[in-house]
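Every number here is computed from the coordinates shown, using simple stated rules; none is lab data. Just so you know, these numbers come straight off a predicted model, no measurement behind them. Here the Cβ positions follow ideal geometry from the backbone for every residue, glycine too, while neighbour counts run over all protein chains shown.
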Number of protein chains: 2
Amino acid sequence: MKIVDVAAKAGVSPTTVSRVLNGSSLVKSRTRNKVMQAIEELGYYPNAAAKNLRSQRTWKIGVIVMDINVSYYAEIIKGIENTAYAKGYKVLICDAQNNREKERDFLGLLMDRTIDGLILVTPQMSDPEIADLADKGYDIGIIGRYIDHERVACAYTDNIEFSERAVSHLIENGHTHIAFLSGFAEAVDSYERLEGYIRALKKHNIPFRPELIENGNFDETLGYEAVMRLFAKKVPFTAVYAANDEMALGVYKACKELGIRIPSQLALVGVDNNRIGKYIVPTLSTVEQPKYAMGARLTENLIGWMTQKQFPERRDLKIASELIIRESSGGTGSDG
Amino acid sequence: MKIVDVAAKAGVSPTTVSRVLNGSSLVKSRTRNKVMQAIEELGYYPNAAAKNLRSQRTWKIGVIVMDINVSYYAEIIKGIENTAYAKGYKVLICDAQNNREKERDFLGLLMDRTIDGLILVTPQMSDPEIADLADKGYDIGIIGRYIDHERVACAYTDNIEFSERAVSHLIENGHTHIAFLSGFAEAVDSYERLEGYIRALKKHNIPFRPELIENGNFDETLGYEAVMRLFAKKVPFTAVYAANDEMALGVYKACKELGIRIPSQLALVGVDNNRIGKYIVPTLSTVEQPKYAMGARLTENLIGWMTQKQFPERRDLKIASELIIRESSGGTGSDG
DNA sequence: ATGAAAGCGCTAACAG
DNA sequence: CTGTTAGCGCTTTCAT
């Protein structure tokens, strides 16, 4: 069933059918009706490949996420999706499942022009790799970090700033021996959050103790193991700043096993505002990133670039985050 | 940069380049090397639209999920993804965001041949609608329910059976007044779980009390409101079977507000094995569906159909589920 | 083992 | 307002 069949049935040319399909205003309404009816009767549906090939557009954008399981991404996707949808784009989500190879594989969708633009929500891919794609003329945006390339749209929060804020909060509650649970080394998030941690210590004249740093790879189980290593070292600490909530959950597990009370014996702050943090006892203090807004504004920007070759806002959007103080660091947990 | 450019540079015909690209064995290795080098130097990447148009295949399958936020879907997607990937297919995920219109919109990807096959993980779409697509020759699979159509692959668990098991568990713990929190009416899950509930009562000669049924639309907040309505009725009940964990979370909230203790004053069982159930206090009894297996086996089946026009296994896969007894219904919660 | 030619289904440019 | 023509970039006969 193709466009010529419809044209034949309706007694018009393929062009006219195409015009009707694409909502051109210069078709007589009687003609339009004939065509519509033929489409209806034949059950015709236009072929995307032919369309894309001819028009060199797909009206689709792709989103590569590192792991669809991580709730952090879901809200971002909604922001992307709704904005894109309003502008006539479909959003295709690709789950890289923490797998670098798969992640790179999905890049093919952009290069083979299955999609018009791509949004990366993955901390793993290297800056040069991304810059290289942009140099080749592909339209790219990235959420969660800054890329220094004039054609790459970014939306991110200030890791250093909110980490400093989170750790300062612990310090102001009287803690001086604060451990830091880091994520994997390749992620900017890891070292920027570490830097924020260090700055907070500096600001309050607290010495930096490298033995209080452990890596938990942003993972619950590895976070558990990391904090167990800390306890094993016998260096005293009364608080933990975990670079994400997953690792903070690992801290809960460790404390439960060791009979350590949160927050009276150990205060805890995470990052991401994972939903579980509101349900666990005691509730988890954390940093909320405006995920929906990041997705939405970045998408606005990217689509602006794709269509006008200019960004409606500045291409790098630094977005404010919020420290949520719940019970695990001595708050009341009254936010739900 | 197209295939003729590569051909020119390598001093061969476009056909030969195409053959190299597609791994044809009948190309002399010296020729292959020339071509590969030209591809490399030119940074050529094949255009998907042209390819798809010519070959009438995309090597992609789509997955429409009702809401990507719901963790229930994430594992299913992993099962789909890994199986598809192993067979050379890319998986594109579409988030319908609980929106019927968007959901239907994504169907367009199948009809316009952007994807070769589609997996539905959405309880909302009606049976006839799905059957209709299959009748038109599209390749479709569905997870979570049974569709009576010889060309539709399905994978699902037995709602009636596991609900009967869950409610029997409550009855065996001494409960006779058990409330049921239902999901939205369009979903088979809702009434099948209700039927299992009724069967369990029948089997144990406990009268069915319609006033103990309330609808919470599979949603936490609405589940909370539903159980509040139950309390307001002043009909006594000592246990709740919630048709999913989200609504069960609403029950926790209601109990917290009203000072009702779980499980001593109210026993609770949900469905889905949401991750939160392991962290909340008391831990939540629930029904685990083998999500990964459902996704994987269905995909295996669908791809088999797409390529051989036959199902490797029977087209309707009924998959066993498991009742997980944790603290909320009197268990020890020792599973984590 | 390689190439020439045809065509997948659509839309854009141009003509009328 | 409508039609004719050409071509998007690739793969697939068929021929050599």
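Key figures for this structure:
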read-out: Net charge contributed by nearby residues that have their C-beta within less than 14 Å of residue A:160 (K/R +1, D/E -1); value: +1
read-out: Value of relative contact order over chain A, rounded to a whole percent, pairs C-alpha under 8 Å and six or more apart; value: 16 percent
read-out: The stretch A:1-44: C-alpha pair distances exceeding 14 Å, %; value: 33 percent
read-out: Long-range amide H partners of residue B:139 with built H, under 5 Å; value: B:118
read-out: Volume of the Cα convex hull of the stretch B:159-288, divided per residue and given in Å³; value: 90 Å³
read-out: Estimated [θ] at 222 nm from DSSP helical runs (n ≥ 4, -39500 (n - 2.57)) normalised by residues in chain B, nearest 500; value: -14000 deg cm²/dmol
read-out: Cβ-defined net charge surrounding residue B:243, 10 Å radius [Lys, Arg +1; Asp, Glu -1]; value: -4
read-out: DSSP-defined beta bridges in the protein assembly as shown - what % are antiparallel, rounded to 5; value: 10 percent
read-out: Whole-Å semi-axes of chain B's equivalent ellipsoid (Cα gyration tensor); value: 51, 19, 17
read-out: Over the protein assembly as shown: Rg over Rh, Cα atoms, Kirkwood Rh; value: 1.01
read-out: Amide H contacts under 5 Å for residue A:179, placed H, 5+ residues apart; value: A:238, A:239, A:240, A:241
read-out: 5 angstrom amide H check on residue B:157, placed H, neighbours 5+ away; value: B:144, B:319
read-out: Inter-copy label distances at residue B:332 (7 Å, Cα→Cβ; nm, one decimal); value: 3.9
read-out: Charge sum, other residues only, whose C-beta stays under 9 Å from residue B:180's C-beta, Lys/Arg counted +1 and Asp/Glu -1; value: 0
read-out: Calculated from backbone phi, Karplus (6.51, -1.76, 1.60) coupling profile of the stretch B:19-31 in Hz, x at Gly/Pro; value: 4, 4, 4, 9, x, 5, 7, 9, 10, 4, 5, 5, 4
read-out: For the stretch A:159-288: relative contact order, % (alpha-carbon pairs under 8 angstrom, 6 or more apart); value: 24 percent
read-out: Shortest-first distances to equivalent copies, position residue A:265, nm, label 7 Å out along Cβ; value: 3.0
read-out: Residue-wise HN-Hα coupling along the stretch B:130-146, computed from phi with Karplus coefficients 6.51, -1.76, 1.60 (Hz; x: Gly, Pro); value: 5, 4, 4, 4, 5, 4, 6, x, 7, 8, 9, x, 9, 10, x, 7, 9
